[in-house]
1. May I ask you to list pairs of residues, at least six apart or on different chains, whose Cβ atoms are under 7 Å apart, with the first in the range 30-41 being over 19 Å from Asp77 (Cα atoms) and the second being part of a strand (DSSP E or B) and open to solvent by less than 30 Å² (accessible area, probe 1.4 Å)?
2. Inspect the range 5-28 for any residue being modelled with pLDDT of 95 or more and hydroxyl-bearing (Ser, Thr, Tyr) and give the result as yes or no.
3. Report those strands (runs of 3 or more DSSP E) wholly inside the range 65-168 carrying at least 1 residues which are modelled with pLDDT of 95 or more.
4. Among the residues of the range 54-64, write down those that are more than 9 Å from the chain's Cα centre (by Cα) and part of a strand (DSSP E or B).
5. Taking the condition of being open to solvent by 10 Å² or more (accessible area, probe 1.4 Å) and under 21 Å from Asn126 (Cβ atoms), how many residues in the range 63-92 meet it?
6. Considering each of Asn56, Asn22, Asn33 in turn, give the residue that is in contact with a Gly (Cβ under 8 Å, 6 or more places away or on another chain) and either open to solvent by 10 Å² or more (accessible area, probe 1.4 Å) or of a type in the set (A, V, I, L, M, F, W, C) (or both).
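The values are calculated or read from the model by the stated rules, or taken from the named source; none is laboratory data. These numbers were taken from a predicted model, which means no experiment stands behind them. Neighbour counts run over all protein chains shown; Cβ positions are idealised from the backbone, glycine included. Areas reflect the complete protein model, heavy atoms only, side chains present, ligands, DNA and RNA absent. Shrake-Rupley method; radii C 1.70, N 1.55, O 1.52, S 1.80 Å.
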Amino acid sequence: RQRQVVNRHRLTNVATNGGAINGNTAHDLLIANATSGGGAITINGTAANVDLIAGNINAGSGNVSLISNSAGGTVQDDGSVLTRITGNTVTLQGAGGVGSALMAMQTTASTLALSDAAGGVGIYVNDNNTNGLTLSSVTAGGGAIVINAAGPLTATSVAATADSVGNN
């Protein structure tokens with residue numbers, strides 16, 4: 001079974017037993033707790049300056065995508081050490097940045113796909129998968145790329161496309 005959530009400001013305790021969770025929002029959204037039991041979890045910011053704030057998001061063996069690519073849109077961590085984004089492939093895209101130097105995104109993934117746009121603050125992620133992490137596509141258009149991995153790290157494609165402090 002699939003759940004569709006549109007134009008909400010907070011997702012709390014959304015769960016499926018293997019079904020997908022899909023949402024679109026034109027407003028800032030805190031994803032406090034979303035679990036899918038293996039189904040994909042996809043949340044899209046559809047307007048400028050939408051902040052997607054990630055709490056406990058667990059797709060199990062499914063994939064997670066948090067995308068806020070309109071001007072100024074960001075993907076941010078909720079600031080709790082008790083929450084994490086868990087999935088096979090985790091895709092985080094924010095035109096204004098992914099995480100921050102003060103609060104990196106917390107993930108447990110096999111593969112990460114990450115991007116920010118020109119003028120963004122950069123990409124900041126801490127992953128705790130001790131079995132290894134693959135960076136399939138990482139592009140920082142406006143800031144540093146800082147990724148900490150608990151296990152072996154394989155980088156397939158990583159690029160900082162602007163000359164910014166911290167990405168040299």
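1. Taking only residues 6 or more apart or on different chains, the pairs are Ser36/Ile21; Gly39/Ile21.
2. no
3. Output list reads 74-77, 85-94, 105-116, 122-127, 133-140, 144-149, 153-155.
4. Gly55, Asn56, Ile57, Asn58 - these are the residues of the range 54-64 that are more than 9 Å from the chain's Cα centre (by Cα) and part of a strand (DSSP E or B).
5. Residues meeting the conditions: 17.
6. Values: Asn56 fails: in contact with a Gly (Cβ under 8 Å, 6 or more places away or on another chain); Asn22 fails: in contact with a Gly (Cβ under 8 Å, 6 or more places away or on another chain).
One residue alone meets the criteria, Asn33.
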